[in-house]
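Heads up, the thing below is written out as structure tokens.
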Amino acid sequence: MKKIIGITMGDPAGIGPEISIKAFDKQALYDRCKPLLVGDKSVLDFYLAKHPELKLDVNVIEHPSEGKYTFGTIDLIDMNIVDMATFKVGEVSKVGGDAAFQYVKKVIDLAMAKEIDATVTNPLNKEAMNAAGHHFEGHTEIYAHFTGTDKYTMMLADGNLRVVHVSTHVPLRKACDLATKERVLDVIRIADKACKDLGIENPRVAVAGLNPHCGENGLFGREEIEEINPAVEAAKAEGINAFGSLPADTIFSKANGGMYDIVVAMYHDQGHIPLKLLGFVYDQENQNWKAVQGVNITLNLPIIRTSVDHGTAFDQAGKWTASEASLENAIDYAIRLAQNSK
């Protein structure tokens, strides 16, 4: 049976509406799932009017059970927040921030009520969301708050490379303090389970060091000796196939080559940079992005959440040049997780 996948439109001033329409304009999406968009009809109408070559109808529904889920129709839960007569594409605004937040809150509610099988989020703008009075650091924290989840982490994935994080949206100085044995062990456990949920029977979990060369036996820092390595040993004692700590300057190349199934990174940029180096390809000659792909998954939630691994790209909004590849990858991951969920 096909799974119902709830997809947020993202900040309506960004590229989320555009890449949503492009993704829904493919038969293959409907062959794999029942896609449901949560957003604003006025925004869809705005873009569809600009592109009459797209033969797409918008079917506004109240509940997921009312969807047609047939190619050529975008089933939409209309939050009715944005007035396109006054709304400006490509600009930070309270309206856009509030809309993006409300879309996310709606899919969380639907998933928690088991009316949909998984959620996928398009990008929101943190400045706009906070300006609208919703004080969260990002999607991950919204999901954690409204699902009552204390232990969670972000996983990024592109091809063979999967990365989870001990810390994400905190200052680098604080990130070092958060690399504790307890937290590292929690993330190793979450990483192991995530791989198994994706169908990997005996995941190989590689754990990065915090310091250069994993601290060189304490010469460049003692976090590996006192916190990270003990967490790895504890994970091994639980039967997890964990490795580390391993130098961060080589661990990602090894994982991308197939030596490991997932990497535990100690902080935001340590994990994000290698993923985006692979997934984001800039074409200098044509001065545009040839590829912007990769998937962001929030792990250890009671519901499934995947996301694009890029921002709102206000500078591209409305130009019809944004790629839907990352959104399609996020939907694919959501389907896989929903099919494997028990």
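The values are calculated or read from the model by the stated rules, or taken from the named source; none is laboratory data. What you are looking at is a predicted structure, and each value in this text was computed from that prediction instead of being measured. Note that we place each Cβ from the backbone using ideal geometry, even for glycine, and neighbour counts take in every protein chain shown.
Computed quantities for the displayed model
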{"item": "Single unsatisfied condition, Ile228 versus (1) more than 22 Å from the chain's Cα centre (by Cα); (2) surrounded by fewer than 21 Cβ atoms within 10 Å (Cβ to Cβ); (3) assigned to a helix (DSSP H, G or I)", "result": "(2)"}
{"item": "Residues (more than 17 Å from Asn125 (Cα to Cα), of a type in the set (A, V, I, L, M) and in contact with a helix residue (DSSP H, G or I) (Cβ under 7 Å, 6 or more places away or on another chain)) located in the range 1-37", "result": "Ile4, Ile5, Ile21, Ala23, Leu29, Leu36, Leu37"}
{"item": "Single residue of Ala157, Ala118 found to be farther than 22 Å from Gly318 by Cβ, out of contact with any Cys (no Cβ under 6 Å at 6 or more places or on another chain), among the aliphatic types (A, V, I, L, M) and not assigned by TED's automatic domain parsing to the domain that holds Ile335", "result": "Ala157"}
{"item": "Residue count, the range 149-168 (criterion: in contact (Cβ under 8 Å) with a residue 40 or more places away in the chain and surrounded by fewer than 18 Cβ atoms within 10 Å (Cβ to Cβ))", "result": "4"}
{"item": "Residue selected from the range 307-342 under the condition in contact with a Ser or Thr (Cβ under 9 Å, 6 or more places away or on another chain) and within 21 Å of Gly96 (Cα to Cα), by the criterion modelled with the lowest pLDDT", "result": "Asp309"}
{"item": "Residue, farthest from Asp332 (Cα to Cα), within the range 99-119, restricted to residues that are in contact (Cβ under 8 Å) with a residue 12 or more places away in the chain and not in a helix (DSSP H, G or I)", "result": "Glu115"}
{"item": "Some residue of the range 61-73 being closer than 27 Å to Asp315 by Cβ and surrounded by 15 or more Cβ atoms within 10 Å (Cβ to Cβ)", "result": "no"}
{"item": "Members of the range 169-206 found to be without any contact (Cβ under 8 Å) to a residue 60 or more places away in the chain and either touching a helix residue (DSSP H, G or I) at 6+ places or on another chain (Cβ under 6 Å) or part of a loop (DSSP other than H, G, I, E, B) (or both), listed by number", "result": "Pro171, Thr180, Lys181, Leu185, Glu201, Asn202, Pro203, Arg204, Val205, Ala206"}
{"item": "Any chance Gly67 is of a type outside the set (A, V, I, L, M, F, W, C), in contact with a Pro (Cβ under 9 Å, 6 or more places away or on another chain), in contact (Cβ under 8 Å) with a residue 40 or more places away in the chain and assigned by TED's automatic domain parsing to the domain that holds Thr8", "result": "yes"}
{"item": "Qualifying residue in the range 83-99 (condition: surrounded by 23 or more Cβ atoms within 10 Å (Cβ to Cβ) and either closer than 15 Å to Gly318 by Cα or in contact with a helix residue (DSSP H, G or I) (Cβ under 7 Å, 6 or more places away or on another chain) (or both))", "result": "yes"}
{"item": "Of all residues in the range 294-327 being over 14 Å from Asp197 (Cα atoms), not small (Gly, Ala, Ser) and not in a loop (DSSP other than H, G, I, E, B), the one that is farthest from the chain's Cα centre (by Cα)", "result": "Leu327"}
{"item": "Every residue from the range 40-49 that is surrounded by 12 or more Cβ atoms within 10 Å (Cβ to Cβ) and not β-branched (Val, Ile, Thr)", "result": "Asp40, Lys41, Ser42, Leu44, Asp45, Phe46, Tyr47, Leu48"}
{"item": "Residues (surrounded by 14 or more Cβ atoms within 10 Å (Cβ to Cβ) and at pLDDT 90 or above) located in the range 197-214", "result": "Ile200, Pro203, Arg204, Val205, Ala206, Val207, Ala208, Gly209, Leu210, Asn211, His213, Cys214"}
{"item": "Sole residue being assigned to a helix (DSSP H, G or I) and either loosely packed, with under 15 Cβ neighbours inside 10 Å or among the polar types (S, T, N, Q) (or both), chosen from Ser245, Ser253", "result": "Ser253"}
